[in-house]
Structure formats: structure tokens, C-alpha cells
Amino acid sequence: MSLPSGPRSLRLHRASPPAGPPVVSPVVELNVGGELYTTTVSTLRKVPGSKLAEMFSSSTKACLDAEGRFFIDRPGTYFGPVLDYLRSEQLPTQHIPEVYREAQFYEIKPLVKLLEDTPQIFGEQVARKQFLLRVPAYSENLELMVRLARAEAVAARSSTVLVCMVRTEEDAAQCAEALRVFEFEKKSVVKFGPWKAAPQVKDLLDCVKMDIAAQGYQVYYEHYSERTLRAKYFNYFYTFLFIWW
């Protein structure tokens, strides 16, 4: 989908007939985060109950920029696909996650529903996200991993974080002894699980890597290779390597 290539005139056009009060044209100019668009009031009000319909209701006080255009303080790049949907129910074929985020903000519920049926959003929101919700303290553990990695990063090119992955209660019991040893040796271990869902340890490892990388970190993982660790613990302990420069 092509995005606007340059500024376009988007002001509110007023027609002044020879007699009587001025008539407001339905054509409006929008400044969305610096991107300029032209459309009509009826298009913006197409989905009742949406934020756009509310913004352009007669009872709402408009926010205008210095040129008198209606101003919306949102990233303007992906407003075009939202507007195309309102005009002709055309669905975007590119930048699906970004358009989905904007559709959620503007509360364009029919568009949100259609985008949630796309493979990109279904996979992230329904499959992966629902799995991670079943992993206890997943978000907190990610934050802990980053804090531990940053604490070891002083004057170093890389730092490592030791992670324990236990999918079942039986795995957790199996690893209890090793965790006590690491605690005695004052080694920090971030423990994930157990969880009640189909995905395996490799799936969760990939999720952790993906979500930490999404924060801007360069990170890799591998099996914990300390020789003193008994072979029976090999599939439970992993090292996440953070590269700083």
C-alpha cells in the first residue's frame, strides 16, 4: 500500500454562497503527526462509537494546528491505511501490526476484528500471547534478566544470564537440587515455569529471545556448558548471552 508521498491540502473548506450563512463543506484537512490527509466528515464518522467519529462530532472541540488543519497527535505514517478502510473497506497488505495498533487506538472495531484474523496478528495475539500468559511471571522474569545482564556489563563486551526452564512440576522437582547448589554458590538463576500449555522449552526460549531482542538488545542463548553440572540437568539450564558492542 502506498503511503502519502508529500503534503496535500487538507484544510476545512468553507463555501460562501451569495446570500445566507456560510455552508461548511464536508471536506476536511487533517494533520496526523505531521502527515497531511484530505477526507470528508462522513468518512471519519463512518464507524459510530469510534474515536474518529467522536473527534468530528458537532459537540467536540477541535484541536487545530497553526494552519487551521485538524490536528491528531498520533504517528501519521499508518493513518493512511486506516483511512483507506473507512473509505472503501480496503484492508492493508503491509505493516499489519502497525496498522492494527492504530486501529485499536481509534477504536475502529470492524477493522480491528478483521486484522485479528490475519496470520500476523492471530499468531501473535492469539497463539503466542496466550501461551505466554500461562507462563508464571514471564514479564517479570524478562525484566530480571535484563537487569542482571546490565549489572554485569561494566567494562565488558558481553554478559551472561543463567536461565532454568522447567515445563512440568516433575521437571521443577528434578531441578530443585541444582538450584540449591547455584544459590549456595551465589549464582543468580532466572527460573521459568512450570506452565500448562503445549509449547515446549525451545518455544519458550525463542519467545524470551524474541521479546528481549524487541527491546533493542542483541541476545543469543545456548545450553549451559559448565562441566560441574550433572548431565541430567543439561536440558533445563541455558545461558543467555547479551552482546553490548
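FYI, it's all coordinate maths here, none of it is from the lab. What you see is a predicted model; the values in this text were computed from it and never measured. Positions of Cβ are generated from backbone atoms using ideal geometry, with glycine treated the same way; all protein chains shown enter the neighbour counts.
Summary of computed values
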{"read-out": "Cβ charges +1 (Lys, Arg) and -1 (Asp, Glu), total dipole of the stretch 140-245, debye", "value": "240 debye"}
{"read-out": "Nearest-20 debye value, the chain charge dipole, Cβ charges on Lys, Arg, Asp, Glu", "value": "140 debye"}
{"read-out": "The chain - mean residue ellipticity at 222 nm from DSSP helices (-39,500 (n - 2.57) per run, n ≥ 4, rounded to 500)", "value": "-10000 deg cm²/dmol"}
{"read-out": "Gyration tensor (alpha-carbon) shape descriptor, the stretch 143-210, a/c threshold 1.5", "value": "oblate"}
{"read-out": "Approximate spin-label separation Ala172-Asn235, in nm, with each point projected 7 Å along Cα-to-Cβ", "value": "1.9 nm"}
{"read-out": "In Å, descending, principal axis extents of the Cα set of the stretch 51-117", "value": "37, 22, 19"}
{"read-out": "For the chain, with +1 on Lys and Arg beta carbons and -1 on Asp and Glu, the positive-most of Thr39, Ile121, Gln90 along the dipole", "value": "Thr39"}
{"read-out": "Along each principal axis, Cα extent of the chain, largest first, Å", "value": "93, 41, 31"}
{"read-out": "Rg/Rh for the stretch 69-177, where both radii come from Cα atoms and Rh is the Kirkwood radius", "value": "1.17"}
{"read-out": "Relative contact order of the stretch 68-175, defined on C-alpha pairs under 8 angstrom at six or more residues apart (%)", "value": "12 percent"}
